[in-house]
Amino acid sequence: MFQVISGRSVSALRLLAPRQAVLVEAVRGRKSRSDPVAKSKEGRIKVPPPVDPEEMVVLRERFTEYDLIMRALRLEFKEEVLRKKYEEETGSLAEERAKQEAEEHRALMAWNDEENLRMLRLRQARIQKEMEAAELKKREAAMRREEATQEFIKEKEREVLQLQEDAKNFITMENLDQRIEEALDNPKNYNFAIDREGRVVKQTVLE
C-alpha cells in the first residue's frame with residue numbers, strides 16, 4: 001500500500017504537510033448575537049453528557065495509537081520521497097538520466113550538423129546563382145556598351161562623311177572669285193513668309 005501511495009507525489013506531499021485546525025463559523029445560523037434567549041429555553045440548564053471512564057481510557061488509547069500510526073505513515077512517505085529524490089540525483093536513476101541526456105545531446109548535435117550542412121549547401125547554391133546572375137548582367141551591360149560604342153562610331157563616321165561632302169561646297173581662296181560671280185549671277189531672295197506646312201506664302205520682289 002505504501003508503494004501505491006508513495007507513487008503519487010501530490011498525495012504524499014499532502015500527507016506530509018502539517019495538519020491545520022478546523023475552521024468553525026463564528027455566527028450561528030440566522031440568529032444574531034444580540035437576539036435574546038428563546039422562551040422555551042430560558043430555564044434550561046445545559047448538562048454535559050455523562051462520560052464513561054473506561055470508554056474515555058479506550059478512546060485516549062485509540063487516539064494515541066491513531067496519532068502514532070499517522071506519524072509513522074508520514075515519516076514513511078517522507079523517507080520514500082527523499083530516497084527517490086536522492087536516487088534521482090545521485091543514484092542509478094541519475095546515471096541513467098545522464099546517459100539519456102548524453103544520447104539526446106549527441107542526437108541533437110548530429111541533427112544540428114546535418115542542418116548546418118544543408119543550410120551551407122543551400123547558401124552556396126544561392127551564392128552561385130547570384131554570381132551567375134551578376135555575371136550575366138555584367139555581360140549584358142558590356143554588350144550594350146559595345147553596341148552603344150559601335151553606334152557612336154558609326155554616327156561619327158556618318159558625320160565625317162557628311163562634312164567631307166559639305167566641304168566640297170566650302171568657299172576657299174581658290175574659288176572665291178568664282179563663288180562671288182555665281183552669287184551675283186544667281187541672286188536669292190530670303191525675304192519671304194511661310195505657313196505652318198512650310199510653304200512660301202509671301203515673298204518680296206528683288207529690285
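The values are calculated or read from the model by the stated rules, or taken from the named source; none is laboratory data. Bear in mind that the values here come from a model prediction, so they are computed numbers and not experimental data. For neighbour counting, all protein chains shown are included, and Cβ atoms are generated from backbone atoms with ideal geometry for every residue, glycine included. To get the accessible areas, we keep the full protein, side chains included, count just its heavy atoms, and leave off ligands, DNA and RNA. Shrake-Rupley method; radii C 1.70, N 1.55, O 1.52, S 1.80 Å.
Give just the number: which of (1) assigned to a helix (DSSP H, G or I); (2) at pLDDT 55 or above; (3) under 58 Å from the mean Cα position of the chain (by Cα) does A26 not satisfy?
Answer for A26: the failing condition is (1).
Identify, please: which residue in the range 137-196 is of a type in the set (D, E) and either in contact with a strand residue (DSSP E or B) (Cβ under 8 Å, 6 or more places away or on another chain) or assigned to a loop (DSSP other than H, G, I, E, B) (or both) and is, among those, modelled with the highest pLDDT? First the steps, then the outcome.
Within the range 137-196, the first condition is being of a type in the set (D, E), and the residues that meet it are 140, 146-147, 151, 155, 157, 159, 165-166, 174, 177, 181-182, 185, 195.
Subsequent filtering for residues that are either in contact with a strand residue (DSSP E or B) (Cβ under 8 Å, 6 or more places away or on another chain) or assigned to a loop (DSSP other than H, G, I, E, B) (or both) retains 174, 195.
Details: E174: 82, D195: 85.
For the range 137-196, the residue satisfying everything is D195.
Can you confirm whether F192 is surrounded by 10 or more Cβ atoms within 10 Å (Cβ to Cβ) and not charged (D, E, K, R)?
On the way: surrounded by 10 or more Cβ atoms within 10 Å (Cβ to Cβ): yes; not charged (D, E, K, R): yes.
When the stated conditions are applied, F192 passes them.
Residues of the range 51-86 being open to solvent by less than 70 Å² (accessible area, probe 1.4 Å) and charged (D, E, K, R), which ones?
Listed by number, the residues that qualify are D67, R74, E76, E80.
From the list K78, K46, which residue is within 60 Å of the chain's Cα centre (by Cα) and of a type in the set (K, R)?
Step by step, each of K78, K46 is checked, and only K78 is within 60 Å of the chain's Cα centre (by Cα) and of a type in the set (K, R).
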